[in-house]
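To start, the structure under review is shown below, and the notes come after it.
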Amino acid sequence: MKDVKVELKDLTKKFKIKKNIITAFEDISLQIKEGEFWCFVGPSGCGKTTLLRVLAGLESPTDGTIYIKHVDDSKPLNSMVFQEHAIFPWMDVKNNIAYGLKMRKLKPNLIDDIVDFYIDKMGLTPFKHAYPHQLSGGMKQRVSIARAFANDPEILLMDEPFANLDEQNRVLLQQELLKIWEKSGKTVIFVTHSIDEAIFLSDKIMLMTRHPGKIKNIYDINIKRPRVIEEIRSSPQYADIFQDIWLSLRQEVSYS
Amino acid sequence: MNNTNVLKKSSTKINEKSKKDKKLKDETKSNKFIQQIISPIAILIIWEILADLKLIDTRFFPAPSMIFHSLINLLTTGILLNDLSVSLFRIIGGFIVGAVPGLIIGLTMGLFPIIRNILDPIVAATYPIPKLALMPLIMIIFGLNDLEKIVVIAIGTFFIVLMNTAAGVINLDKIYMDVARNYGASKKDYYLTVALPGALPMIFTGLKLGMGMALLLIVAAEMNGASSGIGYRIWESYNIFDIPAMFVSFIIMSILGYVFTIILDLIEKLIIPWKHS
Ligand SMILES: Nc1ncnc2c1ncn2[C@@H]1O[C@H](COP(=O)(O)OP(=O)(O)OP(=O)(O)O)[C@@H](O)[C@H]1O
Ligand SMILES: [Mg+2]
């Protein structure tokens, strides 16, 4: 039995804007085990980003409790791939990717090695010294993914990281992510709008209701690994789960 | 073998293409230069003709040839260079004395809300006072000397740099602070790796505006208690009704502004290579 890595109990986040109270999500209770791959799926505005931000410690919850286990003090607990990429315009690709490592004061040549490894993996080698304004949207996104990977956290929080990529790059990076995940035993929490992507990647999918987001359903994806995208898409299991989630999500979207 | 050949071919093609591009660029550049120089030359010619025909009052608008004559005169007597060095000392001195604390206090106000809250009322109350209105007081306090002129320019520069620097830090997208926090940046790391570089474009805007302010104030500051300087020369030409010399000073001021802008642009390009042009 694997250890519990993240446990949320009745987690609720409300924002107060002037006199209005906006509930971003409410009553989220779930248990994520060490090394599991979770996807959060739900209609736009249902609170996925906010939930990730609460998990990252960037916002505090209004109600409920969070338990997160930090095993190895030499590693950061979590690193986030932000929905807006948010790479620094004033740093070149190399320094953007090195950011977390530099903040942790690792040895410069170790930082160089790690950074070069991910620059290569992300196909960014020719752009190592380019500034963000010289990059395409998809390249910026890859820089922000590399920044998180390079930081080697215990939990990877990824907010629609592949949204701006073309299909080919998306599949490549999905496979790369799975490889890294399988090797490292990290816990991954991944937000996506793509049911297809969620099924291909995850152990569990949390489907959220429309705003204000609650848990609509949690799906176990028991497709064996390692997974190959072509095989998965043509398997009957995939079709069943896809149909299930699709109908459930459509119901949520058509309410509004 | 075959492959490298193909590569070579395509790379020479690219070279040719970039050569063509460069030629194209050079052509449009020289075209642009010609277009831009037409109107000043035309104005000078028309001005000269009008002056020669006495169609404009040359007491107020001396012919370009007269101005040029005066320029040569001021140059050969050494007056112009002396004026220039005296004014430059005051402008640059005042600019530095004003910009450095403006930058430091602006950054501090941008970074620390507490300090911002404490200093904001003072800045808000003193900033709108026209700097020229303060001149008599500054003259009384410091006397009529270089220091007083430097202080006048410094005060003008100080506020502009401060406002822009603080705004540069405050208006930085909040997401960058989240990234810094998420990736374990300490407060100091945040200032050095995010706040300061992120505010640089606004800081430079402030410095450029500050420099404009300094040029404006030098003329006022040299109105009283000066015996040389470009600004002094303008007032002196007024007193002795030497209008051509006044026009020479205008030209010098214009060149000064242009040169300062170019220098600041250059420094900006060096310090902010990541800014889109
Ligand atoms: N800082 C904030 N202040 C006030 N309201 C906020 C804030 N952040 C998010 N919200 C609100 O919380 C709700 C959830 O937003 P969130 O960004 O988490 O949605 P999301 O599920 O990530 O949507 P999308 O799929 O479009 O990215 C929205 O109604 C949003 O307006
Ligand atoms: Mg979102």
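For A:Phe15, are the conditions met, namely being within 16 Å of ligand 2 (Cβ to nearest atom), of a type outside the set (Asp, Glu) and touching a helix residue (DSSP H, G or I) at 6+ places or on another chain (Cβ under 9 Å)? In short, yes. Scoring A:Thr187 on the criteria (1) more than 16 Å from ligand 1 (Cβ to nearest atom); (2) within 14 Å of chain B (Cβ to nearest Cβ); (3) open to solvent by less than 30 Å² (accessible area, probe 1.4 Å); (4) of a type outside the set (A, V, I, L, M) leaves a single failure, condition (2).
Note down all Cβ pairs under 7 Å where the first residue falls in the range A:33-56 and is without any contact (Cβ under 8 Å) to a residue 60 or more places away in the chain, the second is within 12 Å of ligand 1 (Cβ to nearest atom) and basic (Lys, Arg), and they're at least six residues apart or on different chains. Hits for this filter: A:Thr50/A:Lys13; A:Val54/A:Lys13. Among the residues of the range A:21-66, what is the count of those that are open to solvent by less than 10 Å² (accessible area, probe 1.4 Å) and within 14 Å of another protein chain (Cβ to nearest Cβ)? Number of matching residues: 2. Look at the range A:215-231: where a residue is aliphatic (A, V, I, L, M) and a partner is open to solvent by 70 Å² or more (accessible area, probe 1.4 Å), sitting 6+ places away or on another chain with Cβ atoms under 7 Å, you get A:Ile223/A:Gln237. When the residues of the range B:173-194 are filtered to those that are open to solvent by 30 Å² or more (accessible area, probe 1.4 Å) and part of a loop (DSSP other than H, G, I, E, B), the one that is nearest to the other protein chains (Cβ to nearest Cβ) is B:Gly184. Within the range A:71-78, is even one residue among the small types (Gly, Ala, Ser) and within 16 Å of ligand 2 (Cβ to nearest atom)? Checked the range A:71-78: no residue is among the small types (Gly, Ala, Ser) and within 16 Å of ligand 2 (Cβ to nearest atom). Within the range A:149-165, residues that are within 12 Å of chain B (Cβ to nearest Cβ) and over 23 Å from A:Lys94 (Cβ atoms) sit with their Cβ atoms under 8 Å from residues that are more than 14 Å from ligand 1 (Cβ to nearest atom) and β-branched (Val, Ile, Thr), at 6+ positions apart or across chains, in these pairs: A:Ile155/A:Val6; A:Ile155/A:Ile68; A:Ile155/A:Thr187; A:Ile155/A:Val188. Counting the residues of the range A:203-248 that are open to solvent by 50 Å² or more (accessible area, probe 1.4 Å) and within 16 Å of ligand 2 (Cβ to nearest atom) gives 2.
When A:Ala130 is tested against (1) over 21 Å from A:Leu165 (Cβ atoms); (2) of a type outside the set (Lys, Arg); (3) away from ligand 2 (no atom under 16 Å from the Cβ); (4) within 13 Å of chain B (Cβ to nearest Cβ), exactly one condition is not met: (1).
The values are calculated or read from the model by the stated rules, or taken from the named source; none is laboratory data. None of the values given here were measured: they were computed from a predicted structure. All Cβ positions, glycine included, derive from the backbone under ideal geometry; neighbour counts span all protein chains shown. Ligands, DNA and RNA are excluded from the accessible area calculation, which covers all protein heavy atoms including side chains. Shrake-Rupley method; radii C 1.70, N 1.55, O 1.52, S 1.80 Å.
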